[in-house]
Amino acid sequence: MSYDNDAYWVAHAQIDNEISDEDYLSGLRLPDMVFSSDDPQDTFRVTVFSVRAKPTWWLGGTLNRCIGAIEQELDFVSGSQVIPLNEITLVRIGPASQETYFKFKPPFWFLQCTLLVERYEVPPRE
């Protein structure tokens, strides 16, 4: 299957987070960004942007696939993937026997970042 047709990519989640310099110096960090998927066979295109990143930074964060409900207290990570900064990363989701969700963890030194998640959807044939 080819994923090069931009018309089939639809926005699934866009999460913006930012903290002030004062909050960062007091020990606060960007919170984790959470999103879910209804279809266990989804393919995502994940991109992380930061307008406050330095030119030498390459790490956008880590995307963890967690088992269970989003509301649970502990995260049971079943897999993870490093997401580079300012680059598109394809994330294919295999079948799961339980409910899953995704938790994106930005690096601790980030003051601002935007997580863009797009899902690949091919329209049904007529």
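The values are calculated or read from the model by the stated rules, or taken from the named source; none is laboratory data. Computed from a predicted structure; not experimentally measured. Reconstructed Cβ throughout: ideal geometry from the backbone, glycine too, with neighbour counts over all protein chains shown. Ligands, DNA and RNA are stripped out before the accessible areas are found, and what is left, the full protein with its side chains, is counted by its heavy atoms. Shrake-Rupley method; radii C 1.70, N 1.55, O 1.52, S 1.80 Å.
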| said: I'd like the residue in segment 71-100 that is in a strand (DSSP E or B) and touching a residue at least 40 places away in the same chain (Cβ under 8 Å) and, out of all such residues, is surrounded by the most Cβ atoms within 10 Å (Cβ to Cβ). | reply: T100
| message | So D16 passes all but one of these: (1) of a type in the set (D, E, K, R); (2) assigned to a strand (DSSP E or B); (3) at pLDDT below 90. Which condition number does it fail? | response | (3)
| query | If only one of D42, D23 is open to solvent by less than 70 Å² (accessible area, probe 1.4 Å) and over 14 Å from V117 (Cβ atoms), which one is it? | reply | D23
| note | Inside segment 101-111, the number of residues satisfying the requirement of being open to solvent by 20 Å² or more (accessible area, probe 1.4 Å) and farther than 11 Å from T62 by Cβ is 3
| task | Read through the list (1) part of a strand (DSSP E or B); (2) under 17 Å from P106 (Cβ atoms), then give the number of the only condition that R45 fails. | result | (2)
| Which of the residues spanning segment 1-13 are in contact with a strand residue (DSSP E or B) (Cβ under 8 Å, 6 or more places away or on another chain), open to solvent by 50 Å² or more (accessible area, probe 1.4 Å) and not in a strand (DSSP E or B)? | Y8
| request: Report whether or not S50 is out of contact with any helix residue (DSSP H, G or I) (no Cβ under 8 Å at 6 or more places or on another chain), free of Cβ contacts under 8 Å to residues at least 24 places away in the same chain and more than 15 Å from R119 (Cβ to Cβ). | output: no
| request: Considering each residue of segment 60-70, count those that are open to solvent by less than 40 Å² (accessible area, probe 1.4 Å) and farther than 15 Å from D32 by Cα, and give that number. | output: 2
